[in-house]
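The values are calculated or read from the model by the stated rules, or taken from the named source; none is laboratory data. All of these numbers come straight from a predicted model, not from anything done at the bench. Here the Cβ positions follow ideal geometry from the backbone for every residue, glycine too, while neighbour counts run over all protein chains shown.
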Amino acid sequence: MILLLLACVDARRPLTFPIRYAELPSATLVVPGGTLQVDAATLQISDLHLQTEPSASTAFWGFPWASSAVAHPGHEFAGSVRGELIGEWDLDLLAPTELGVVDAYEGSIATGSVLLDEAQWVVRGTYTTASGSWPVDLQLTVDGVVTNIPLDLELNADTPPAELVLHLDLAQALSFSSWQDTDADGSITVQDGPFLNTMNFGLTSTSSWVLEETP
Amino acid sequence: MLWFSVAFAQTLPSEEVVVEAKDPPASAAERELDATRVVATPGRSTDDLLRATRGLHQSQHSGHGKAFQYFLRGFDAVHGADLSISAEGVPLNEVSNVHGHGYLDLHFIPRQLVTGASLRPGVFRASVGDFGVAGSGELSLGLANPGLQLQIGGGTDLSGRFTMAWRPADRGPGTFAMVDAEAGHGVGPSRKWEQVRAAVGIDGQIGNTAVRTFALAYRGRFDSPGVLRESDVDKGTRRFYDAYDNAGDGVSARALAGFRLEHRRNDWSLDSTAWAGWRSLELRQNFTGFYVNAEQGDAVVQTHEALSAGARLVIGWTPADWIAVRGGVDGRFDHADQTEAGIDTTGKVWDPRIDTRIDQSSMGAWVSVPLRPRPWFDLEAGLRTQVFLMDLDRRIDAGLGTGPAKASAPVLAPRARLRLFADSPVTVLLAYGRGFRSPEARGVEQGRAPVSKSDGTELSVLVRPDDHVDLRAGAFGTWISNEIVFDHAAARFLTTGATRRLGAYVGATVHPVAWLEVDLDVTASDGRYRATQELIPYAPRLLAVLGLTTEALVTGPVVWTAGTRTWWLGPRPLPGGFASHTQFVTDVTVSARVRSWTVDLDIDNVFASRWRDGEFFYASDFVGTDSPSALPARHFTAGSPFVARLGFGFRG
């Protein structure tokens with residue numbers, strides 16, 4: 001009987017659940033020095049992954065969480081990806097978007113990631129301070145991966161999550177910029193000061209994104 | 001079954017039985033195969049004989065001609081890293097082979113040339129050297145029957161085989177000459193193979209000294225079906241025995257020559273072996289398609305060319321009935337040039353990764369003292385010491401950079417066994433041994449190199465209620481303070497922490513009638529990382545094997561030898577918390593001889609089950625999509641399909 005009990009091996013079961021992007025809670029954002037009234041905001045995002053553990057800082061085969069079996073099918077490691085939704089989405093950041101259904105395996109999820117594959121990011125609106133208002137037209141291309149978005153989740157095929165929700169904290173993503181019309185052309189664009197770099201940094205910063213299970 | 005239809009059969013004495021004094025067992029799971037049992041063990045190649053090791057599971061993931069992958073008592077011994085096998089005193093594991101340390105490819109030994117095997121789970125004898133971690137084995141070579149022997153046959157896998165062997169009537173099994181050639185298409189694409197073997201041996205006696213020399217030569221070429229994504233089979237885009245394009249292939253060649261002297265005089269014995277060998281291996285494989293490199297693909301080619309030579313000397317002295325002293329020295333030297341490179345779909349190298357020259361040597365010495373102070377009590381304590389020296393030049397190494405490196409690695413391995421009540425119906429065996437594995441040369445850096453060491457112990461009981469029944473049971477444990485694995489992708493030694501393997505087995509060998517042996521073995525192993533209690537991946541947790549063997553059964557003019565092997569393998573833990581399927585397979589071999597003529601029938605997978613030989617979880621992309629899935633997916637290598645091989649032979 002003891003020998004037969006050893007034959008039992010718990011195996012992760014597959015499961016699926018939906019994920020959506022949740023719109024900005026308000027079109028008025030508090031940004032450094034004033035407020036931004038967002039008229040339009042769009043972003044292209046790609047593949048979503050859920051990992052069992054934080055990603056290493058150095059890539060192993062380009063993607064730090066990816067599994068591999070290069071030398072031998074017994075030498076590989078399975079990788080830390082436990083959930084995935086492959087695709088590309090043009091998000092209207094002011095409106096919710098159903099992203100699709102995540103394929104996942106049972107187990108603990110610690111982080112999520114979003115791929116920005118030459119992603120077009122556009123923010124338009126009006127920046128207002130005590131001294132005046134400026135039209136805003138920010139457009140840039142971002143290439144990178146947003147890793148280690150915190151997500152404390154225990155996946156179980158018997159009780160899959162009702163839904164995962166992805167939020168972008170746009171105010172946080174834009175908070176690293178100095179918000180000045182440095183070229184004095186009357187509008188704020190990525191040509192103003194360090195906007196290009198700071199927006200890039202802000203969008204790929206883990207703190208700008210939130211993943212949560214629908215309560 | 002055939003043997004049930006011959007109720008009034010009688011048995012013949014074996015034509016020629018060579019009985020050698022065997023070491024007292026250290027474990028109830030040890031097994032000795034004589035020539036009859038070798039014939040009655042199902043399987044096509046010499047490698048298949050190792051399946052007779054109790055608790056061992058082996059899998060073939062790359063075609064007919066590549067070394068098997070071995071699993072024993074909670075160990076994933078990969079291609080032989082933890083399983084030390086020798087033949088006539090010649091170690092067969094290849095050190096620092098580019099495809100795997102301890103690479104154990106027995107395809108170069110003609111199956112018909114194996115006359116016996118000692119198969120030993122656990123490592124409890126001081127005589128066992130490098131790669132003795134999970135177990136060891138020793139093959140005896142020779143031609144069991146005198147005269148000219150011809151055999152020709154074919155199989156439903158579109159295979160054919162021709163064997164011609166000759167042994168002079170007045171000489172022992174060690175004098176022979178033989179050639180053996182086989183080729184086949186296999187069931188499904190990418191499974192073709194061709195193999196040619198030649199062997200010659202001479203034995204004789206000079207006074208009290210038995211002299212023998214032998215030489216083996218082999219060349220094989222094989223296609224590899226590689227792995228299939230299970231989802232592709234489920235969707236119907238691939239069939240179970242399909243293969244992806246450019247899945248892999250290989251060319252394997254080996255030559256080995258040995259010279260052995262065995263001298264016995266009064267209370268002294270001396271056994272010495274000198275050997276030399278050449279090895280060439282070229283493997284192409286792709287287990288991930290285009291996942292890592294979307295443009296060129298993930299295929300790699302590995303080449304390994306090696307020259308090896310070694311010698312061993314074993315001396316025994318028995319000054320009294322109750323005490324003996326045995327000791328030995330052994331050494332080997334291996335020179336190897338090996339490469340690894342990424343290749344594109346046309347086979348052209350685009351990414352050279354390894355180009356290394358390796359000189360690796362080892363020297364060992366051991367002593368062991370068997371004592372039998374009372375008839376019911378005997379024990380043996382031994383000690384082996386070994387030192388490994390490595391000198392390599394990395395001309396290219398993507399993981400470690402280039403340049404020379406020298407390293408050494410010593411190890412000390414105590415071993416002991418105790419036996420109580422050897423002559424009574426209940427015998428108790430207790431054993432301890434430290435096993436070890438040399439460092440894989442390509443991973444060493446200047447200075448001291450890490451040796452993998454294990455401490456194993458076993459308590460077992462043999463019960464013989466009568467002459468027809470042997471019952472056995474045992475419990476074993478192996479502890480490794482810091483598991484060292486060589487990461488081929490990163491070209492680094494990785495320490496994965498302390499592990500332990502605890503297990504137990506029960507078994508019975510029953511002779512319900514004189515011509516039939518029924519052998520059942522159930523081995524369970526629980527291997528875990530001690531810090532996390534996670535299961536050690538791939539290692540079987542429960543393996544049950546039922547074997548039936550006839551021994552020279554006579555019905556009228558026909559002499560039958562037959563065997564079946566039915567095994568059930570429980571789910572195996574896979575990396576990342578996944579698990580494999582349960583497997584159940586039956587193989588059969590039947591040999592009928594009428595005077596000088598023989599008919600042999602081998603059937604693989606009698607019930608034609610679609611079983612998965614290997615199962616793996618990782619990401620792959622065999623299509624070449626822009627955005628491949630990183631989610632691990634189940635992959636499998638198809639187990640052997642139903643194949644029947646029929647052979648006709650003449651023995652004159």
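Pick from B:423, B:470, B:393: which is acidic (Asp, Glu), modelled with pLDDT under 95 and assigned to a strand (DSSP E or B)?
Only one candidate qualifies: B:393.
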Selected residue (only one of B:429, B:379, B:392, B:412 is of a type outside the set (S, T, N, Q) and free of Cβ contacts under 8 Å to residues at least 40 places away in the same chain): B:412
For residue A:43, are the conditions met, namely being in a loop (DSSP other than H, G, I, E, B), on the phi < 0 side of the Ramachandran plot and either modelled with pLDDT of 60 or more or in contact with a helix residue (DSSP H, G or I) (Cβ under 6 Å, 6 or more places away or on another chain) (or both)? no
Can you spot a residue in the range B:277-293 that is part of a strand (DSSP E or B), in contact with a Lys or Arg (Cβ under 8 Å, 6 or more places away or on another chain) and of a type in the set (Asp, Glu)? no
Can you tell me which of (1) without any contact (Cβ under 8 Å) to a residue 60 or more places away in the chain; (2) surrounded by 13 or more Cβ atoms within 10 Å (Cβ to Cβ); (3) not β-branched (Val, Ile, Thr) is the one residue A:140 doesn't meet? (1)
Look at the range B:9-36 and say how many of its residues are surrounded by fewer than 18 Cβ atoms within 10 Å (Cβ to Cβ), modelled with pLDDT under 90 and not hydrophobic (A, V, I, L, M, F, W, C). 9
Of everything in the range B:239-251 that's more than 14 Å from chain A (Cβ to nearest Cβ) and part of a strand (DSSP E or B), which residue is nearest to residue B:188 (Cα to Cα)? B:249
Starting from the range B:287-303, take each residue that is facing another protein chain (nearest Cβ under 7 Å) and list its partners that are of a type in the set (Phe, Trp, Tyr), counting only C-beta distances under 7 angstrom and pairs at least six apart or across chains. B:292/A:61; B:298/B:290; B:298/B:291
In the range B:214-238, what residues are touching an Asp or Glu at 6+ places or on another chain (Cβ under 8 Å) and part of a strand (DSSP E or B)? B:214, B:220, B:221, B:222, B:223, B:228
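Listed here are the residues, each with its yes/no results for (1) touching a Lys or Arg at 6+ places or on another chain (Cβ under 6 Å); (2) closer than 30 Å to residue A:107 by Cβ; (3) more than 14 Å from every other protein chain (Cβ to nearest Cβ).
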position	(1), (2), (3)
B:534	no, yes, no
B:540	yes, yes, no
B:546	no, no, yes
B:559	yes, no, yes
B:564	no, no, yes
B:583	no, yes, no
B:593	no, no, yes
B:600	no, no, yes
B:603	no, no, yes
Set B:211, B:196: member being among the β-branched types (Val, Ile, Thr), closer than 17 Å to residue B:63 by Cα and surrounded by fewer than 22 Cβ atoms within 10 Å (Cβ to Cβ): B:196
It is to be established whether one or more residues within the range B:115-122 are closer than 25 Å to residue B:544 by Cβ, basic (Lys, Arg) and crowded, with 24+ Cβ neighbours inside 10 Å. yes
The one condition in (1) farther than 21 Å from residue B:222 by Cβ; (2) surrounded by fewer than 21 Cβ atoms within 10 Å (Cβ to Cβ) that residue B:255 fails to fulfil: (1)
Quick test for you: out of B:81, B:67, B:77, pick the one residue that is within 14 Å of another protein chain (Cβ to nearest Cβ) and in contact with a helix residue (DSSP H, G or I) (Cβ under 8 Å, 6 or more places away or on another chain). B:67
Is it the case that residue B:264 is among the basic types (Lys, Arg), within 30 Å of residue B:329 (Cβ to Cβ) and either in a strand (DSSP E or B) or touching a residue at least 60 places away in the same chain (Cβ under 8 Å) (or both)? yes
Please determine, by comparing only the residues of the range B:616-632 that are surrounded by fewer than 19 Cβ atoms within 10 Å (Cβ to Cβ) and small (Gly, Ala, Ser), which one is nearest to residue A:83 (Cα to Cα). B:627
Only listed residue being crowded, with 17+ Cβ neighbours inside 10 Å, more than 12 Å from chain B (Cβ to nearest Cβ) and at pLDDT 90 or above, chosen from A:24, A:50: A:24
Looking at B:353, B:326, B:374, which is the one that is farther than 30 Å from residue B:435 by Cα and either among the basic types (Lys, Arg) or out of contact with any Asp or Glu (no Cβ under 8 Å at 6 or more places or on another chain) (or both)? B:353
Quick check, is residue A:165 touching an Asp or Glu at 6+ places or on another chain (Cβ under 8 Å) and aliphatic (A, V, I, L, M)? yes
If you check B:412, B:420, which single one turns out to be surrounded by fewer than 20 Cβ atoms within 10 Å (Cβ to Cβ), closer than 21 Å to residue B:131 by Cα, out of contact with any Pro (no Cβ under 8 Å at 6 or more places or on another chain) and hydrophobic (A, V, I, L, M, F, W, C)? B:412
Among (1) modelled with pLDDT of 95 or more; (2) more than 23 Å from residue B:74 (Cβ to Cβ), residue B:459 falls short only on (2)
I need a count of the residues in the range A:163-215 that are part of a helix (DSSP H, G or I) and either in contact (Cβ under 8 Å) with a residue 40 or more places away in the chain or buried (at least 17 other Cβ atoms within 10 Å of the Cβ) (or both). 14
Any idea which of B:200, B:187 is within 30 Å of residue B:261 (Cα to Cα) and either free of Cβ contacts under 8 Å to residues at least 40 places away in the same chain or outside any strand (DSSP E or B) (or both)? B:200
Can you tell me which condition residue B:580 does not meet? The list is (1) more than 30 Å from residue B:498 (Cα to Cα); (2) crowded, with 22+ Cβ neighbours inside 10 Å, and all the others hold. (1)
Give the residues of the range A:88-110 that are more than 13 Å from chain B (Cβ to nearest Cβ) and at pLDDT below 95, sorted by residue number. A:110
Hits in the range B:320-350 (condition: of a type in the set (Asp, Glu) and surrounded by fewer than 17 Cβ atoms within 10 Å (Cβ to Cβ)): B:321, B:337, B:344
Restricted to the range B:501-530, and to residues that are surrounded by fewer than 21 Cβ atoms within 10 Å (Cβ to Cβ) and of a type in the set (Ser, Thr, Tyr), which residue is farthest from the other protein chains (Cβ to nearest Cβ)? B:509
Across the range B:492-532, what is the total count of residues that are assigned to a strand (DSSP E or B), touching an Asp or Glu at 6+ places or on another chain (Cβ under 6 Å) and over 30 Å from residue B:402 (Cβ atoms)? 5
